[in-house]
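A short worksheet on the structure shown next.
The values are calculated or read from the model by the stated rules, or taken from the named source; none is laboratory data. Quick caveat: nothing in here was measured; it's all calculated off a predicted structure. Here the Cβ is made from the backbone with ideal geometry for all residues, glycine too, and neighbour counts use every protein chain on show. These area figures cover heavy atoms from the full protein model, side chains too; ligands, DNA and RNA do not enter into them. Shrake-Rupley method; radii C 1.70, N 1.55, O 1.52, S 1.80 Å.
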Amino acid sequence: MSILMDLATPIVMGILLGGLYSLIALGLSLIFGVVKEINIAHGDLVILGSYFGFVGLTFAGIDPMLSLICGLPVFFGIGYGIQRYLLNRAFRISMDATLIIAFGISIILQNTYQLIWTPLSRGLTTSYSVESFSAGPIYVPLVYLLDLIVAIVVMIFLREFLKRTYMGVAIRAAAQDWKAAQLMGIDTNRIYAYTFGIATAIAAIAGVFLGLTFPFTPLSGMSFLIIALGVVILGGMGSIAGTLVAGIAFGLAQTIGGYFFGVSAQMLVAYTMVLVVLAIIPRGIFGR
Amino acid sequence: MNGNTILKVNHIDVFHGSFQALWDVSLSVNEGEITAIIGANGSGKSTLMETISGLLHPSAGTIEFEGKDISGLQPFEILDLGISLLPEGGRIFPDLSVLENLKIGSYNPKARSEYTRNLQRVYQLFPVLEVMRARLAKSLSGGEKQMLALGRSLMSNPKLMLLDEMSLGLAPILVNDLYKALREIRARGITILFVEQNVRRSLVEADSAYIMETGRIVLSGHVDDLREEAKVQKAYFGT
């Protein structure tokens, strides 16, 4: 009984943390599902979202969540531009070329962050970042709860957008058969650019909540990319529900693993779980 | 049938990489008529269809639609002008619902404004699609999938429909249904250019036909004349 009581906090924390992981992975999954690119720079774009919140907070005292109002269109534009002017051109050479360009973008971003914001660790400290609540033996920081709620809200919005709008249905059509999509009058290059823009806007949201939850440095993007890749593979590439479930599974494996084997084994446990699941269901939990 | 030329292909060469798939191909399609392209596997029929719809581009020659050169345009621009292609195998979107497939058929802005009217017409033509509108397209039978592909093509409000082997692999009774639908589509004033392997069927359904062999057009004319042509008799009917 006491072990269950002790486990209650890691379980709740794991689920909530999973919300953040799935939010970070969502954009990566969307790009992979539609454009079939592995966006190596996704983690760095997430961190750009964290710095965006940081700048607004430090220089203008704007709440990081509020700064997203102006951040979302800016990040959409950045993502749109990356796909339209860089990756759509690389497509014509090969898919490997898109991977290398994304890798290049990743390195450029990391170094730019170091230049502007120095390698120091930063965080988004607000009036509510120390708030927490407890229910019985469980103690939970407020921002962790926000992570999960925001992840679910973003996923519902994305799902409804993909279901109800012409653009959304066109994005799904292009993901399933790009050639047939072109024959339907869909400019697939434009659709890819829009998809990348939407994914980058989601990265900005993820970045702000990452910054509220954890400290970050110019190089943090890479470690979160690795987590996001694990989540995307585990969830079945391109599936929204799969991303949420896998994010939570990943968060749980990490916190419960940490409870039993210590902090240093957190990632080891999480990735062992990814390997075991893939050995049993190679297409991921919700894979097609 | 007013006999105006709506589509004119002038001496095009098309390559797949270094392999030349079409050699000096020319044809013309009259407005309001059904034109057939007949040939065996690998004779370049699908390549010709994909070139007209802009998926491939000719390295020589031109394609004119309603007097405008379209040979350098992208597929979505060509669809905008009023040419739709039903590709080989139908290629419906398996994980979209039947209704979503039809909706995406009317993606271009001109067709979008006539979505409701076109949807009613498609449902009239294929009532089964209305019944199954909420189902995922991948759950349909082979014949229903092809009806969906045809309906989806119609949703773009085309002036000219290109149909690549729409009856391939279907039971004869379903093929009859599809050709019946085709005649109704034609009665609405839509011009049709279709590709077939079945020579007898083509020569019955079409007004005129082109016969292709290894990337070249070897014979063309009105179907009545082609039926009498000794070469056709020998090559395709074995008499």
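From the list B:133, B:152, B:188, B:216, which residue is within 15 Å of the chain's Cα centre (by Cα) and of a type in the set (Lys, Arg)?
Among B:133, B:152, B:188, B:216, only B:152 is within 15 Å of the chain's Cα centre (by Cα) and of a type in the set (Lys, Arg).
Considering only residues of region A:183-201 that are in contact with a Gly (Cβ under 8 Å, 6 or more places away or on another chain) and surrounded by 24 or more Cβ atoms within 10 Å (Cβ to Cβ), which is nearest to the other protein chains (Cβ to nearest Cβ)?
A:184
Identify the single condition in (1) within 21 Å of residue A:190 (Cα to Cα); (2) open to solvent by 30 Å² or more (accessible area, probe 1.4 Å) that residue A:48 does not satisfy, given that it satisfies every other one.
If we test residue A:48 against (1) within 21 Å of residue A:190 (Cα to Cα); (2) open to solvent by 30 Å² or more (accessible area, probe 1.4 Å), just (1) comes out false.
Show the residue pairs meeting these rules: Cβ distance below 7 Å; 6+ apart or different chains; first residue within region B:165-182 and among the charged types (D, E, K, R); second residue surrounded by fewer than 17 Cβ atoms within 10 Å (Cβ to Cβ).
B:165/B:88; B:165/B:197
State yes or no: is residue A:114 at pLDDT 95 or above, in a helix (DSSP H, G or I) and exposed (fewer than 15 other Cβ atoms within 10 Å of the Cβ)? If you could, list the steps in order and put the result at the bottom.
Details: at pLDDT 95 or above: yes; in a helix (DSSP H, G or I): yes; exposed (fewer than 15 other Cβ atoms within 10 Å of the Cβ): yes.
When the stated conditions are applied, residue A:114 passes them.
Restricting to region A:144-168, what's the tally of residues that are more than 24 Å from residue A:210 (Cα to Cα), in contact with a Phe, Trp or Tyr (Cβ under 8 Å, 6 or more places away or on another chain) and open to solvent by less than 30 Å² (accessible area, probe 1.4 Å)?
1
Out of A:41, A:90, A:25, which single residue is at pLDDT below 95, open to solvent by less than 10 Å² (accessible area, probe 1.4 Å) and small (Gly, Ala, Ser)?
Working: A:41 fails: at pLDDT below 95; A:25 fails: at pLDDT below 95.
On inspection, the qualifying residue turns out to be A:90.
Is it true that residue A:254 is in a helix (DSSP H, G or I), open to solvent by less than 40 Å² (accessible area, probe 1.4 Å) and either closer than 26 Å to residue A:109 by Cβ or not acidic (Asp, Glu) (or both)?
Details: in a helix (DSSP H, G or I): yes; open to solvent by less than 40 Å² (accessible area, probe 1.4 Å): yes; either closer than 26 Å to residue A:109 by Cβ or not acidic (Asp, Glu) (or both): yes.
Against the criterion (in a helix (DSSP H, G or I), open to solvent by less than 40 Å² (accessible area, probe 1.4 Å) and either closer than 26 Å to residue A:109 by Cβ or not acidic (Asp, Glu) (or both)), residue A:254 qualifies.
Exactly one condition in (1) within 14 Å of chain B (Cβ to nearest Cβ); (2) open to solvent by 30 Å² or more (accessible area, probe 1.4 Å); (3) out of contact with any Lys or Arg (no Cβ under 8 Å at 6 or more places or on another chain); (4) touching a residue at least 60 places away in the same chain (Cβ under 8 Å) is not met by residue A:244; state its number.
(1)
Does at least one position in region A:11-30 carry a residue that is more than 12 Å from the chain's Cα centre (by Cα) and under 13 Å from residue A:196 (Cα atoms)?
no
In region B:11-55, how many are touching an Asp or Glu at 6+ places or on another chain (Cβ under 7 Å) and in a strand (DSSP E or B)?
10
Take the residues of region B:100-115 that are open to solvent by 10 Å² or more (accessible area, probe 1.4 Å) and within 8 Å of another protein chain (Cβ to nearest Cβ): which is farthest from residue B:46 (Cα to Cα)?
Going through the qualifying residues, I end up with B:112.
Going by what's in this entry, would residue A:102 be described as open to solvent by less than 50 Å² (accessible area, probe 1.4 Å) and without any contact (Cβ under 8 Å) to a residue 60 or more places away in the chain? Can you show your working first?
On the way: open to solvent by less than 50 Å² (accessible area, probe 1.4 Å): yes; without any contact (Cβ under 8 Å) to a residue 60 or more places away in the chain: no.
It is false that residue A:102 is open to solvent by less than 50 Å² (accessible area, probe 1.4 Å) and without any contact (Cβ under 8 Å) to a residue 60 or more places away in the chain.
Does region A:169-182 hold any residues that are surrounded by fewer than 20 Cβ atoms within 10 Å (Cβ to Cβ) and more than 10 Å from chain B (Cβ to nearest Cβ), and which are they?
The one that is surrounded by fewer than 20 Cβ atoms within 10 Å (Cβ to Cβ) and more than 10 Å from chain B (Cβ to nearest Cβ): A:178.
Name the one entry in B:38, B:70, B:52 that is surrounded by 21 or more Cβ atoms within 10 Å (Cβ to Cβ) and at pLDDT 95 or above.
B:52
Just give me the residues in region B:77-99 being among the hydrophobic types (A, V, I, L, M, F, W, C) and either within 19 Å of the chain's Cα centre (by Cα) or open to solvent by 20 Å² or more (accessible area, probe 1.4 Å) (or both), in sequence order. It would help to see each step written out before you state the result.
Step one: of region B:77-99, the residues among the hydrophobic types (A, V, I, L, M, F, W, C) are B:78-79, B:81, B:83, B:85-86, B:92-93, B:96, B:98-99.
Across region B:77-99, the qualifying residues are B:78, B:79, B:81, B:83, B:85, B:86, B:92, B:93, B:99.
Considering only residues that are assigned to a helix (DSSP H, G or I), at the interface with chain A (Cβ under 9 Å from one of its Cβ atoms) and in contact (Cβ under 8 Å) with a residue 24 or more places away in the chain, which ones fall in region B:69-99?
B:76, B:78, B:79, B:80
With the condition kept exactly as written, say whether any residue in region A:20-28 is over 20 Å from residue A:202 (Cα atoms) and assigned to a helix (DSSP H, G or I).
Within region A:20-28, none of the residues are over 20 Å from residue A:202 (Cα atoms) and assigned to a helix (DSSP H, G or I).
Within 14 Å of chain B (Cβ to nearest Cβ) and either within 22 Å of the chain's Cα centre (by Cα) or in contact (Cβ under 8 Å) with a residue 24 or more places away in the chain (or both) - does that describe any residue in region A:130-145?
Checked region A:130-145: no residue is within 14 Å of chain B (Cβ to nearest Cβ) and either within 22 Å of the chain's Cα centre (by Cα) or in contact (Cβ under 8 Å) with a residue 24 or more places away in the chain (or both).
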